[in-house]
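Below: the structure, in structure tokens.
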Amino acid sequence: MTPAEQLALTKPKRLRKQRAASNGGPFYCVLLNLRQSVGLTLDDVSNATHISKAHLHAVEQGAEIGLSLALRIAGFFGRDVTDIWKPRKQHKR
């Protein structure tokens, strides 16, 4: 069981509308969906990963981050980085 799943077991379930954040860059981030799907708050993830809530929120909204933070977040959720940050489909012009 991942650290995220273990922490989520201690939290009451809340359902919210899920969406993928985007800043129009080459990747889109599904961190918000992932975090909400296991029932964790920004505060929960922030405390567990030692990444500020403001920074996590910015990432959920599409901000770019470094590889070390991406690996820390992915590891917490027990996922590969490519499961959280997915390449956009390239459109030929």
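The values are calculated or read from the model by the stated rules, or taken from the named source; none is laboratory data. Since the model is a prediction, treat every value here as computed from it, not as a measurement. Cβ atoms come from the backbone with ideal geometry, glycine included; neighbour counts cover every protein chain shown. Heads up: the accessible areas ignore ligands, DNA and RNA and are worked out on the full protein's heavy atoms, side chains in. Shrake-Rupley method; radii C 1.70, N 1.55, O 1.52, S 1.80 Å.
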Return the long-range amide H neighbours of Phe27 (sequence gap of 5 or more, or a different chain), with a cut-off of under 5 Å between placed amide H atoms. Arg88
Hull volume per residue for region 23-93, using the convex hull of the C-alpha atoms, in Å³ is 84 Å³
Among 40-47, 60-67, how do they line up from the highest to the lowest mean number of other beta-carbon atoms within 10 Å? 40-47, 60-67
Which value, in Å² and to the nearest 10, is the accessible area of Phe27 when all protein chains are kept and the probe is 1.4 Å? 110 Å²
Solvent-accessible ranking of Thr2, Thr82, Thr49, largest area first, probe 1.4 Å: Thr82, Thr2, Thr49
